[in-house]
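Each remark here refers to the structure printed beneath this line.
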Amino acid sequence: MASIESVMQEGRRFRPPESFRARAKLKDAADYERLYRQSLDDPEGFWGAVANELHWFKPWERVLEWEEPFVKWFVGGQTNLSYNCLDLQVERGRGDKKAILWEGEPGDTRTYTYRELLAEVSKLANTLKGLGVGKGDKVAIYLPMIPQAVIAMLACARIGAVHSVVFGGFSSAALADRVNDARAKVIITADGGYRRGSVFALKPLVDEALERCESVEHVIVVRRGENDVQMQPGRDRWYHELIESASDVCPAEPMDAEDPLFILYTSGSTGKPKGVLHTTGGYQTYTYLTVKYIFDLRDDDLYWCPADVGWITGHSYIVYGPLLNGVTQLMYEGVPTHPAPDRHWEMVARYGVTIYYYAPTAIRAFMKAGEEYPKKHDLSSLRLLGTVGEPINPEAWMWYHRVIGGERCPIVDTWWQTETGGIMITTLPGVHDTKPGSAGKPFFGVDAAVMDLEGNEQEAGSGGYLVIKRPWPSMLRTVYGDDDRYRAQYWSEIPHVYFAGDGARRDDEGYFWIMGRVDDVVNVSGHRLGTAEIESALVSHPAVAEAAVVGRPDEVKGQAIVAFVTLEGKREGSEALYQELRAHVTKEIGAIARPDDIRFADALPKTRSGKIMRRLLRNIAAGEEASGDISTLEDKGVVEKLLRPGVSR
Ligand code: WT7
């Protein structure tokens, strides 16, 4: 791996606004320092006290067991996430409090109180049981952003089934891979959902996927899009028909703290997506506490995270963390630009949203659309803003602060990963000054550092690899079915620490500045994609001999995908083939992985040992001079050809 240097020089800083601080749960640097110290000096005492704020059927015997790289939290304890998200909230007097205010893209609405959500979840839980789903069985969820997505996840958690949510934008092939890896017994899907003003079909993709999935016994179909679908007798059932006769009482199953809660697939530097496995007790404790302090929740807040439940953000900060805190949240089905680019701002004003948490790529897109859109609406209900998923460039941060936050709202820039389960590095909104472009400080219990590959901690200001030096409660437990890959990926690059895969530096006040991935993972609009996955999708097309995929900086998406492709035999690149390959990748993975640019080349630049020189391709894709050492390049002529204009399609 090449050396990591940071070029960002950013000196602006903002104090927590006095109006915010006055009412914040934590408001002094001393509060943070004291709790942070305690969380590291006495993790068992610290996390034990937090865990006890939720309900346990049976107390744990030991808070923490660590045998690198495998960790257990709350050993011997029994609890249930669905119980803590629902029953416990009802017991605490929130039965009539709204849990979810949902709005469909066409403008239709539904609301659920905590009591109603408990009843709906119980009905589906009973239905699943009736279909033979029990503890440890896997259920795939492939739904649009409708309330049933949340209900399905909680229904699984209630009976101890392990959910695997597959983002509704993934193709049938990607769905089939994930269903097969987890050996899912049931799929919960919908006919279709609304996106950009029309219905996109989901059920036909499930039908296609199931041609190569043997484990699936039942498909439950929510009616949403009203599009025509085929129902296969004996296999496919309508959700509304199934739950009609189900009881709305279903006692939550006591789960061991280390019983699996969910698998969520994410991209790594090799071709096959990894099934990140999260378990019960630690995950619930950590997501609960992060929401409580990072979003500084109050009982009268209206929280909105417009992400999708198909990503970890949706798992931890739409479903589990917020509900564990008894929050009222807004949930929205569609895109931010329908019917106009002010859809979100119109909704913020109409509902009175107080906390808004979304991705930098969206903020850059809003910025591009123009500030006249947010300016049309009264955004004064907002008191806290957040970002997640990728580094935010200081200009987008400043725009968010000024135009959306009215210079009155703290911004929490939260660094974390599918693997970390919850937010790891952030400022606390009532405590810390914010610095545009810096995620801030480690959250409680997070022992973060910047190291070189030998494990030496770097001095303040020097770049290196972001690592976590000890386990935290919501850490992934393994890569599903592949402990070796788990160990190799996360605990071997640098001895005895968790290797995050990001470059970072820490400044002299202990703030982390995240510099992006150091592996072959690209971040397109906050979505993480392995270049190897896109390469294998391209190579599966008969015209393609070899492919190399790299990221190129993009103003709105963060990174855009550029593919370098060599063709079979005497085929020549053309506009038609370009379109065909883009469509092929969409079919293989989904539209999020579609290359923005495909360059047809005679050959790819390789080292003498045959490795594709991605660094060089990244330079070429970005239109930069080749940087660094190219002396190992096997055939220098290849690069000259690639640099010549006209090599693109
Ligand atoms: C990768 C993880 C975290 C949920 C959504 C993405 C990047 C994430 C930040 C941030 C800079 C960030 C990292 C990380 N990332 N948040 N605040 N600042 N980079 O989860 O798909 O697992 O991706 O997203 O590169 O490794 P994910």
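Quick one: is Lys441 under 21 Å from the mean Cα position of the chain (by Cα), assigned by the TED database to the domain that holds Pro495 and surrounded by fewer than 23 Cβ atoms within 10 Å (Cβ to Cβ)?
For Lys441, the condition - under 21 Å from the mean Cα position of the chain (by Cα), assigned by the TED database to the domain that holds Pro495 and surrounded by fewer than 23 Cβ atoms within 10 Å (Cβ to Cβ) - is met.
Within the range 161-219, can you find the residues that are open to solvent by less than 10 Å² (accessible area, probe 1.4 Å), charged (D, E, K, R) and in a loop (DSSP other than H, G, I, E, B)?
Asp191
Does the range 614-630 hold any residues that are among the aliphatic types (A, V, I, L, M) and more than 18 Å from Gly530 (Cβ to Cβ), and which are they?
Hits for the range 614-630 are Leu616, Ile620, Ala622, Ala626, Ile630.
Tally the residues that are of a type in the set (A, V, I, L, M) and under 18 Å from the mean Cα position of the chain (by Cα), restricting the search to the range 229-279.
Of the residues in the range 229-279, 5 are of a type in the set (A, V, I, L, M) and under 18 Å from the mean Cα position of the chain (by Cα).
Name the residues in the range 494-527 that are open to solvent by less than 30 Å² (accessible area, probe 1.4 Å) and more than 16 Å from the ligand (Cβ to nearest atom), would you?
Of everything in the range 494-527, just one residue is open to solvent by less than 30 Å² (accessible area, probe 1.4 Å) and more than 16 Å from the ligand (Cβ to nearest atom), namely Gly510.
Working only within the range 89-106, note down all residues that are in a helix (DSSP H, G or I) and in contact (Cβ under 8 Å) with a residue 40 or more places away in the chain.
Listed by number, the residues that qualify are Gln89, Arg92, Arg94.
When you go through (1) part of a loop (DSSP other than H, G, I, E, B); (2) within 16 Å of the ligand (Cβ to nearest atom); (3) in contact (Cβ under 8 Å) with a residue 60 or more places away in the chain; (4) within 23 Å of His278 (Cα to Cα) one by one for Gly326, which number turns out not to apply?
Of everything listed in (1) part of a loop (DSSP other than H, G, I, E, B); (2) within 16 Å of the ligand (Cβ to nearest atom); (3) in contact (Cβ under 8 Å) with a residue 60 or more places away in the chain; (4) within 23 Å of His278 (Cα to Cα), Gly326 misses just condition (2).
Filter the range 293-318 for residues that are closer than 14 Å to Val412 by Cα and in a helix (DSSP H, G or I); which is nearest to the chain's Cα centre (by Cα)?
Here the residue is Tyr317.
Is one or more of the residues making up the range 566-574 in a strand (DSSP E or B) and away from the ligand (no atom under 16 Å from the Cβ)?
yes
Run Ala449 past the list (1) surrounded by fewer than 22 Cβ atoms within 10 Å (Cβ to Cβ); (2) more than 16 Å from the ligand (Cβ to nearest atom) and report the number of the one that doesn't hold.
Against the list (1) surrounded by fewer than 22 Cβ atoms within 10 Å (Cβ to Cβ); (2) more than 16 Å from the ligand (Cβ to nearest atom), Ala449 comes up short only on (2).
Can you name the residue in the range 452-487 that is surrounded by fewer than 15 Cβ atoms within 10 Å (Cβ to Cβ) and hydrophobic (A, V, I, L, M, F, W, C) and is also nearest to the chain's Cα centre (by Cα) among such residues?
It comes out as Leu453.
Looking at Ala576, Ala545 in this structure, which one is open to solvent by 50 Å² or more (accessible area, probe 1.4 Å) and either within 30 Å of Glu10 (Cβ to Cβ) or more than 21 Å from the chain's Cα centre (by Cα) (or both)?
Ala576
Only one residue in Ala537, Ala622, Ala591 is more than 16 Å from the ligand (Cβ to nearest atom), under 23 Å from Asn393 (Cβ atoms) and hydrophobic (A, V, I, L, M, F, W, C). Which one?
One residue alone meets the criteria, Ala622.
Considering (1) open to solvent by 40 Å² or more (accessible area, probe 1.4 Å); (2) in a helix (DSSP H, G or I); (3) of a type in the set (Phe, Trp, Tyr), say which one Phe20 fails and leave the rest.
(1)
Of the residues Arg383, Arg402, Arg408, which is within 18 Å of Pro306 (Cα to Cα), among the charged types (D, E, K, R) and away from the ligand (no atom under 16 Å from the Cβ)?
Sole residue among the options that is within 18 Å of Pro306 (Cα to Cα), among the charged types (D, E, K, R) and away from the ligand (no atom under 16 Å from the Cβ): Arg383.
Which of the following residues is aliphatic (A, V, I, L, M), open to solvent by 10 Å² or more (accessible area, probe 1.4 Å), part of a strand (DSSP E or B) and within 16 Å of the ligand (Cβ to nearest atom): Leu277, Leu264?
Of Leu277, Leu264, the one residue that is aliphatic (A, V, I, L, M), open to solvent by 10 Å² or more (accessible area, probe 1.4 Å), part of a strand (DSSP E or B) and within 16 Å of the ligand (Cβ to nearest atom) is Leu277.
What's the number of the only condition in (1) more than 16 Å from the ligand (Cβ to nearest atom); (2) aliphatic (A, V, I, L, M); (3) crowded, with 24+ Cβ neighbours inside 10 Å that Ile312 fails to meet?
(1)
Please verify whether Gly530 is more than 16 Å from Val446 (Cα to Cα), within 15 Å of the ligand (Cβ to nearest atom), outside the structural domain of Trp311 (by the TED database) and of a type outside the set (Asp, Glu), treating the condition exactly as stated.
Considered against the rule, which asks whether it is more than 16 Å from Val446 (Cα to Cα), within 15 Å of the ligand (Cβ to nearest atom), outside the structural domain of Trp311 (by the TED database) and of a type outside the set (Asp, Glu), Gly530 comes out as yes.
Can you name every residue in the range 284-298 that is within 16 Å of the ligand (Cβ to nearest atom) and in contact with a helix residue (DSSP H, G or I) (Cβ under 7 Å, 6 or more places away or on another chain)?
Listed by number, the residues that qualify are Thr287, Thr290, Val291.
Would you point out which residue out of Gly422, Gly430 is assigned by the TED database to the domain that holds Gly314, within 28 Å of Ile263 (Cα to Cα) and crowded, with 22+ Cβ neighbours inside 10 Å?
From the options Gly422, Gly430, the qualifying one is Gly422.
Does Val556 fit the bill of being free of Cβ contacts under 8 Å to residues at least 40 places away in the same chain and either away from the ligand (no atom under 11 Å from the Cβ) or under 25 Å from the mean Cα position of the chain (by Cα) (or both)?
It is false that Val556 is free of Cβ contacts under 8 Å to residues at least 40 places away in the same chain and either away from the ligand (no atom under 11 Å from the Cβ) or under 25 Å from the mean Cα position of the chain (by Cα) (or both).
Can you name the residue in the range 349-368 that is in a helix (DSSP H, G or I) and under 12 Å from Glu103 (Cβ atoms) and is also farthest from the ligand (Cβ to nearest atom) among such residues?
Per the criteria, the residue is Arg350.
Kindly indicate whether any position in the range 238-259 is under 24 Å from Phe170 (Cβ atoms) and open to solvent by 60 Å² or more (accessible area, probe 1.4 Å).
No; the residues of the range 238-259 include none that is under 24 Å from Phe170 (Cβ atoms) and open to solvent by 60 Å² or more (accessible area, probe 1.4 Å).
Considering only residues that are among the charged types (D, E, K, R) and surrounded by fewer than 21 Cβ atoms within 10 Å (Cβ to Cβ), which ones fall in the range 370-406?
Matches in the range 370-406: Glu371, Glu372, Lys375, Lys376, Asp378, Glu395, Arg402.
The values are calculated or read from the model by the stated rules, or taken from the named source; none is laboratory data. Everything quoted here is computed from the prediction, not taken from an experiment. Reconstructed Cβ throughout: ideal geometry from the backbone, glycine too, with neighbour counts over all protein chains shown. For the accessible areas, the whole protein counts, side chains as well, though only heavy atoms, and no ligand, DNA or RNA atoms are used. Shrake-Rupley method; radii C 1.70, N 1.55, O 1.52, S 1.80 Å.
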